[in-house]
Every structure is written in structure tokens, then in C-alpha cells.
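Here's the structure we're looking at; comments come further down.
Quick note: the coordinates plus some simple rules give every number you see, no bench work behind them. Since this is a predicted model, take the numbers as computed values, not measurements. Cβ sites come from the backbone with ideal geometry, for glycine too, and all protein chains shown count toward neighbours.
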There are 2 protein chains.
Amino acid sequence: MIQTEVRSWDRQRTARHERLGRAASLAKGKQVQASDATALLEALLQPGDRVCLEGDNQKQADLLARALAAADPARVHDLHIVQSGIVLPEHLEIFERGIARKLDFSYSGPQGASIARALNNGRIELGAIHTYIELFARYYMDLTPHVALIAAVQADAQGNLYTGPNTEDTPTIVEATAFKSGIVVAQVNRIVDRLPRVDIPGDQVDFIIEADRPFYVEPLFTRDPASITETQILMAMMAIKGIYAEYGVKRLNHGIGFGTAAIELLLPTFAERLGLKGKIATHWALNPHPTLIPAIESGWVEQIHCFGSEVGMDAYMAARPDIYFTGRDGTLRSNRMMCQNAGLYACDMFIGSTLQIDLDGNSSTVTPDRIAGFGGAPNMGADAHGRRHASDSWLKAGREASDGNIAMTRGRKLVVQIVETFGAGMAPTFVERLDSVALAEKLQLELVPVMIYGDDVTHIVTEEGIANLLLCRTREEREQAIRGVAGYTEVGRGRDRAVVQKLRERRVIRRPEDLGLNPLDATRHLLAARSIRDLVGWSKDLYRPPSKFRNW
Amino acid sequence: MIQTEVRSWDRQRTARHERLGRAASLAKGKQVQASDATALLEALLQPGDRVCLEGDNQKQADLLARALAAADPARVHDLHIVQSGIVLPEHLEIFERGIARKLDFSYSGPQGASIARALNNGRIELGAIHTYIELFARYYMDLTPHVALIAAVQADAQGNLYTGPNTEDTPTIVEATAFKSGIVVAQVNRIVDRLPRVDIPGDQVDFIIEADRPFYVEPLFTRDPASITETQILMAMMAIKGIYAEYGVKRLNHGIGFGTAAIELLLPTFAERLGLKGKIATHWALNPHPTLIPAIESGWVEQIHCFGSEVGMDAYMAARPDIYFTGRDGTLRSNRMMCQNAGLYACDMFIGSTLQIDLDGNSSTVTPDRIAGFGGAPNMGADAHGRRHASDSWLKAGREASDGNIAMTRGRKLVVQIVETFGAGMAPTFVERLDSVALAEKLQLELVPVMIYGDDVTHIVTEEGIANLLLCRTREEREQAIRGVAGYTEVGRGRDRAVVQKLRERRVIRRPEDLGLNPLDATRHLLAARSIRDLVGWSKDLYRPPSKFRNW
């Protein structure tokens, strides 16, 4: 037998106890004063630590972000940040001040430009940009946090946490950290004697800090029906009649955008008249979109599981426990890990919008100077090769894509891009080359940031029609199918009219009239709600929109 | 505005309270006597309920399975069973007795033949066969359990649960059930005053039953090194030198089998001499394979996250917290959902064996009369199109598969099948047509049960050599590459010798001698452990194999 090394096997646990020892004087039990938060982090953290500072596209551990950004870089430096979202100014400040050096993340909304700058000037050493569950997966593999700084609604003295409707990433982060001898610090809105429910057991939590104000939540999934255009309504009608109805899509995810909001608001009107109730859109992996309220109230929706919550929706969801997942306390339980898995493996369709689409159908939300990150779309918008259960819509998509090998029928997930041919500022959506290619060159990224690869996209919906890429048999056909719905963009004008005509005859391309739709019927009267106020009415005043969405 | 239906929105919660009311007389607090288990289930369950009776390839809620199988079919009937494993005789008995009718599941080890018979005689109405996380995903979408019957090690009076090393599926099942107004019943080995740690908060658990004996766990991942053949050792040498080393694979999953066990036992010997320590196989998503002990003890392994535990391994893992995920109490925390995600999104390689491979590289573990189910392999053995982070091995595989579109470099997961050309009973592994095709016809399944589709397979390793399918450019090339390593099977003898020779020149096929390996060197002396007893020695007596693996 080979001689084994002499080695200790509990170095992580020893390090944990040393960290706890350094921080002991700052805590009473598990409680630390908010004013001592920076001192706590300085005591706990060691250079090179992997740190997850909880933040995604919604909830933010903002007190802890401020505390970390205020740390002394002589004591806390070269951290490796591994977290879903780079969203708050403090998330960048941590890099600017040298407290952190390396970054692995998923999503950056408002900070996309700052991240690109920080990469450019060497302030950030980029690991990779991930999808949410890809980063979560690495928490259990090679990016396990040494320290997790998380946010919850309430804690009790034992450190049990109530994360409330915005549970989101918390259980996934805490499990990876706590069970690998890491340290978990929670900011909470309030410390109470008795929690309404326990989302995180106290023995996984080391420190709790009562914050001076509730943790920040961004209302990212609210779209005001007042801003939905008739073009978007036409596209929504085409999607419902040409895709939802044709494939009988029952289990789905909607990305965020006015196109999908329009679809949600047409379910109780246009789709109802088509007799589709109960036949489409019954089960959802979805953030709590306020624009789905009319469909829920009209009895369209069986069940919704949520990645996170949405500002203003909590009371409505608590009053609809047959639809949403709620706890014994009555409030929503969200969970991004579970919901992303539902989106990957249990949904038959993902539909969302994007900024750019190239001739292969690759899409990107990157602009020349911004790294937006991926969030969840690459996961939801991917055909899961590990899926083994059938559904009618999945099989139909698979048959359309099939090369005729009948013995080996396989299904396909429907991955739909719904876009206007020209986006904000009249920038063309369809391009020969994604801006992300140039960005990748400039920043020397290993991979071009592509949101969804063309080979996973099955349909593109624009105001000109639907391109069904499943029915394309060659790369050239795909290109012409894309050009054929690209309108008056340069890509659209570069179409081969004869080929596009043939594709239309083969129903690869379908115009509104091919679907029996008259664009003149696409009016705002079709929307079940035409304003935020209408949504509040539908909700019987249970939906309480944030003030920026109120004009009454 | 459209008139909304008059509707109550808490029917599920009302039903829950009615169920609890019917069961109230059987419980003291949350505690129910084991002798009342059947009465409890009869009180709780309603015809048509979706029920998850916890059981996977390892742990089993066996007391609750017996209790359900003993229920009165006049009272409890037409259940829809939604659970990972159909493993115990009682799982089938439930269908034979008409207590359950419909089945959605993932894995059936020993019961594969019985399931096929029950499908055939109409006793089981099959929903679908899933991978584990695909079924978990559906718990949050359209297969949410009304009642979950689970197993834990300990409970306290409040219903908090310690699931111990075999946490496995429990948190995923409980979350889906408890947060959708379902009922959770836990059998526990012991009710105690104070738990070593809390894995499931008590407010998610309705009833606890102390069982007369610990829940059953199958030692599924133990392979006796004494049974490893020199052929398997040769294949392991090829895999290490021709794949692990060439791609620098650090993050990986091993399926179960003697081929992968041989690889594990060659790391501290053969691979060490190749200078590969620290360069390959450092981070794992893996069940606790005893055959990995020598590599761990030799300092090869940085970290392992586990789907579940393994009989006999608990004390060893508790003593190696730097390697394994353990709780504050010191014992392993496994989690199948998290580990399957790690396998999908954070691993660069999956390697496993199979029973049959066809000319397209599709594989199956189905035999003519058995439905084995899928377990986790289709998920682990799938290229994740949602992955957006790079690694050297992933990029190298992607480059090899690339069609030369450099602007859009994409990586590929390595998916390796390691098989002998002839399996048990000299049945050929390589076949023109999978037995599962005939089975699907016979049972009128919607899909042919395919474990891993050929388009996801990157390498096939046999005793004749390695076929690198990434380098094949046409379907014909793939077929000849497969035939070229298929030995003396009919498929192998059907090769086109000239084409195979050219594939070898292009390094698509590599023989042992092409890798600088002499088959005569493949002896059992290379194994770091040659018996279970050796493994116990390596573990410093911490590994305690079950008696069926002991011969001393």
C-alpha cells in the first residue's frame, strides 16, 4: 500500500472557529449591532475568501453591501465575489477600493456599464458570467463561499430566519456555505420572538444584524399596461394563435417585456374568444408579474411557482394560495433554484425578448459598452437534453425538427423570441453581427456573451410574422426565415424574396393574414387591463403597486 | 372590464385542514404511533391524490410504504404516485392492490421487471420515466404532491427533522408539498429532545412516526475492488491517459460501475506516476464511492458534493470535513437536487457505463423485459446548452466539435461511455438496435427509453480503444468510429477497415499502443486497493462496509 500524506482533514472547520473567535466580542449570542457590521466583516474575512454578498435581480443584502464597501482594504482585500447580481453601487465600490479582486456572477442590471469599465481598467478580474443555477451549481463544486452575507425579513434569537416572499437565492447560498464550514451572516429587517415560519434553520446561521431599514427590493417585473403598443398587441395575438394554440402550450415561462405582458393581458380576452381557456398557459414558472392578474382572476391559471417575489404583489399572492406557493404563515415562498429547474425541465416553452438577433438566431442583450449578464434566460431558453418525459407540445416541436428517424422520436422545448424589428432608439434588432462579438474582443472574454444560441431558438415573432426555425432544414433556410420576419432592417431588406415566399408556402414563415389575423384588430381595447390602476382593480385592491407606477 | 368568476382561492388550504381534522384523533401533537400509520394514511389520503412516498436509489421510507400498502383499497384508491424510486416490493404492491393507479418516477432498480409486467397487464398507468431533477422540477410545476411520506433519522416534538447523511431528496419533496398546502408525514428512526442539526424546519412537517427500525438504505455505490478485471484496468488506463489527462478534467461525476471504480483506484498509482496529481479529478459531484478513499487519502481530491450517502461511509466522511459537505453536527449533508445541478452545470465530464450502445451512440440500460428507469445519468450525461462559463477542458471539447465558426466558440461537456464490448453473459454491448426500441413498441411508450442520446456522447472507451466522437464530421464517420472500438461484436466486425484505419490516423480512434500503453501492464497490481479490506485500511478503519462486502 502506498504511504499516505500526513494531513489534517478539518482545516476548514479550524479556520471557521478562528474566524468566530475573532468576531466573538462583537456579538451577543448571534446578534451584532448594525453599527458593528463593518467591524464584524473585518474580523471574519480573510484575503482571498470567496464571498457571496446576496443580491440578485430583486432582493439585496444592502446593509451588508454597505458594510463591506466600508471595510479597510488593508485588512480585507482580494476577495473573490461569487454572487448572482452586481446591482448596487456598493457592489462595484468593493472592487474599486481593492476589497475584492475577482468576480463570478450572473446578472448586472444597472451596473452593466460600470462592470465593463472595471473590467477594462483591470479593477475586476472576471471569472465568468453565468446563468443563475449554473453559478448555484458551482457553489457546490468549485466556487463554494467561505462567507455568505444574506438578507432575511426576520430572525429569532437562535438565528432561525424568515425570508418571506423574497426567499429567492437564500436557501441555496446558505446550504453551500454552512455545510462547508463557512460563515453565514444575515441582515434582517427585524429580530422577533417568534417567526411566522422558518425558512432557514438557525443552526445554519452564525450572525444576525437588525438593519435600520428593510432590505432593498427592485420591482423588476412590473410592466405598465399603459405602455403596451398596438404593434406589441399584434405580436401577442400572433404568438397566441400561431404558437400557444398550435402547440397547446400549458407549462411555460415568460421573460419580462412588453410583448409577453401583452400576451398575459390578452389571455382573458383574445385567447378566451379563441376557446383556449384550459388548453394553454395553465402552469407557470414565473416571477409574480402583475400583468398576469387578470388571467388569474379569470380562472386561466392553475399554478405558479416563483423565482422571487415582486414589490406590491405580496398581499395579492397571500390571498391566492391555490395559485401560488405559500407557507403556513400565508405568504409566498419563492425559490430561484427550484423555479429555474422547473423552467429548465418542466416547461414546454420559454418566450422572451432580446436586444439583438443575428443571422444564425443567436441573441444577446449586450450593447457595445455594457455587460448585462445572463440571469436565467440561457437556462430557461435551452433545450434540456436530459428531459425524458413527453408532452404534446414538446413532441410536436420535436416532430417538426425531426430528420425522420421515427424509431427515436425526441421532443424539443419551444424557445421563442418575441421582438420588434426595431428596438429603442430605432436600433435594428436584427444584425449581421452581435455587438457582443466586438465586446468580447475588446474585453478579451473567453466566450462571446450569447443569451440564447440560435440552435435552441424555435420561433421568432416580430410584427411582420412568425418564423418557425424548427421547420428549417439548412443554415441557409434559417437565415432566410430570420430575414423574412426582420422587416425593414438591413437584414430584412437583404432577404431573397423567392426563397422567403417558398418558406411562407411551407408555413415556415407565417404572416398575420396567414393566421387569420387582421392587424387593424390589434387595438388596446383587447387588453384586459390598460393601466396599473386596472390591475389594482382586477386584484380587488390586493395588488399595491410601488408609487413610481401610480399616477392616481 | 370582464366579469371575473366567483371563486374561492384557498380550496387547497381548506382541504388540508379537513384532512388534518380527520387525522387529529390519531396524533398526540405531531406524533403518531407506528401501529396507527395505516389508519393515519387512510384518514389523510383522498382518491386521485398525488403522493410522493420517498424512495430513491438509496434511502427508503419503508415503514410508510408498508403502511400504505396495507391500506384499504375501498378507502384509498387511484393514487397518483410521483416519486424518485420504485424499489421496494411494497411500491409495486400499492399498484397491484389498486391503491395507486398512475405512476411518474425516475428509477427502478430491482423492480424493473415487475414494473414492465404491471404496465403490460394494465395495473400501472404510466405518466413518464424521468431523470431525478426532471421529476423534482415537475413537483414545482404540474406534479406537486398532495401528500409526502418521507424518512428522516430523528425528529423532535415540534417536527423539526434531522435527515442526517442521507438527506438526499427530502428537502426538495418537502418544500414542494408543504408550500402548496400539502401534508408531510415523516417516519423517523428516533424522536429526541434535541436534534444534532435541523435539516427540515418543523413547521413544514405535519406528522412524525417513530419507526421500529431505521429506514432502509441500499448500498448501491460500493464496488469490491476484488472484482475488478485486468480488462477494466486497461480501459481505466486509457481513459486516464487519453481523456482525463488530455482534457485536464478537474470537475467531474463518475457513474457507478467497475470501470469507473478502476479509474478511482488508479489515481494514486498510475495517474500519480503520470504526474497528474492536482491536474485532474479534483472536484466531484459524486456519491460516496468507497473506491475513491485511496485517492482522497493520497491528497488527490479537493472537494466532493454528494447526492446521497452510502452505507458504511458515514464515519469516514464525518472525519473528512475538508473534503465532504458536513453539518455543524459533523455528519454528511447530501442533497440530490443540488448535486444533480452541480453535475449538470458545474462538471466538465460525466463518465459511466451502459448496457447497450447503438450505431448512433444512443445508449440504454433497458433489457427486453425490464424498465430500469433513468436515475441521474441523462441529466449528468447531457451537454447543458445553458452553461455560460468556460474551462480548459470544456473549451477543448468544444473546439474539437466546432465547425470552425471561431467568432462563436462554444464548449462541450465530455460525456464518456466506458464499456466492455461484451457485457454480462457475453451479451454484446454494441447493437444495431437497442432493446429499448422493442420494449417501447411492446409497451406503447411515447418515447424509446434512451439513457444518453448519441449526440451528447463525446467518447466511447472499450478494451479495444477510445473513439472520440467529437472529431467525427458525419453520421457515417461516427458509425465507423463506434464500430472501430466495438471489438468482436457483430457491430465491430461490420466495420469498414479502411475507414477505421483513417479514423485512427486522425486520432478519432486511439488504440492502447497509440496512447503509449501496453496491455500487459494492465494488472491488478496497479490498483491502490485490491479488496474491500484494503479500502478499510486506507480509511484507517473509518469505513465500515456492510457485512455482505466483508469476507474477513
Count charges around B:Val188 for me, please; just the other residues with Cβ under 10 Å from its Cβ, Lys/Arg as +1, Asp/Glu as -1. -1
Placing the label point 7 Å from Cα along the Cα-to-Cβ direction, what are the distances from A:Thr282 to the equivalent spots in the other copies, shortest first, in nm to one decimal? 5.0
Listed residues B:Phe258, B:Ala39, B:Ala74: farthest to the positive end of the dipole of chain B (Cβ charges): B:Phe258
Students often forget the sequence filter, so: which lysines lie under 20 Å Cα-Cα from B:Lys59 once same-chain residues fewer than 8 apart are removed? B:Lys548
Sorted by chain and then number, the residues having a modelled amide H within less than 5 Å of the amide H of A:Ile124, at least 5 places away or on another chain, are A:Leu119
Using the count of nearby Cβ atoms within 10 Å as a rough guide to exposure, how do A:Trp552, B:Trp9, B:Trp538 rank from fewest to most? A:Trp552, B:Trp9, B:Trp538
Scan chain A for the residue whose Cβ is closest to the axis carrying it onto chain B, then write down that distance in whole angstrom. A:Pro201, 3
If you take every residue apart from B:Asn518 with its C-beta less than 13 Å away from the C-beta of B:Asn518, what net charge results, scoring Lys and Arg +1 and Asp and Glu -1? -2
Fewest to most Cβ atoms within 10 Å: B:Met426, A:Met235 sort as B:Met426, A:Met235
In peptide B:141-149, what is the residue-averaged number of other protein chain Cβ atoms found within 10 Å of each Cβ? 4
At 7 angstrom along the Cα-to-beta-carbon line, where would the label on B:Glu490 sit relative to the other copies? Give the distances in nm, shortest first. 5.8
Order of A:Val431, A:Val419 - criterion: other Cβ atoms within 10 Å of each residue's Cβ, fewest first: A:Val431, A:Val419
Assign unit charges at the C-beta atoms only (+1 for Lys and Arg, -1 for Asp and Glu), then state the dipole size of the range B:382-501 relative to its Cα centre in Debye, rounded to the nearest 20. 420
What are the ³J(HN,Hα) couplings of the range A:512-521, residue after residue, when phi is run through the Karplus curve with 6.51, -1.76, 1.60 and θ = phi - 60°? Round to Hz, x for glycine and proline. x, 5, 5, 9, x, 10, 9, x, 5, 7
With +1 assigned to the C-beta of every Lys and Arg and -1 to the C-beta of every Asp and Glu, and no other charges, what is the dipole magnitude of the range B:299-411 about the Cα centre in debye, to the nearest 20? 340
Inside 10 Å of the C-beta atoms of B:296-302, what's the mean count of C-beta atoms belonging to other chains? 3
Below 28 Å Cα-Cα, how many Lys pairs turn up in the range A:225-536? Only count pairs eight or more apart in sequence, or on different chains, if you could. 17
About the Cα centre of chain A, what is the dipole size in debye to 20, counting +1 per Lys and Arg Cβ and -1 per Asp and Glu Cβ, all else neutral? 760
How well do other chains shield peptide B:7-16, expressed as the mean number of their Cβ atoms within 10 Å of each residue Cβ? 4
Using a cut-off of 22 Å between alpha-carbon atoms, which lysines can reach A:Lys30, once sequence neighbours fewer than 8 places away in the same chain are excluded? A:Lys180
In nm, to one decimal, how far is the B:Arg497 label point from the B:Ser35 one, both placed 7 Å along Cα→Cβ? 7.8
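Longest span of chain B, sites excluded, free of GluC sites (Glu not before Pro) in DSSP loop with at most 13 other C-beta atoms within 10 Å? Please list the in-between numbers first.
Working: sites that count: B:Glu5, B:Glu432.
Answer from the scan: B:6-431.
How high is the FRET efficiency from A:Glu125 to A:Arg22, r the C-beta distance, R0 35 Å, rounded to 0.05? Don't skip to the answer; put the middle values down first.
Details: r = 27 Å, r/R0 = 0.77.
That gives a FRET efficiency of 0.85.
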Net charge of Cβ neighbours under 14 Å - reference A:Thr222; Lys, Arg +1; Asp, Glu -1: -1
Please give the Cα centre distance for the range B:331-347 versus the range B:252-311, rounded to the nearest Å. 16
Placing the label point 7 Å from Cα along the Cα-to-Cβ direction, what are the distances from A:Arg507 to the equivalent spots in the other copies, shortest first, in nm to one decimal? 4.8
At 222 nm, what value in deg cm²/dmol follows for chain B if DSSP H runs of at least 4 each add -39500 (n - 2.57) and the sum is divided by all its residues, to the nearest 500? -7000 deg cm²/dmol
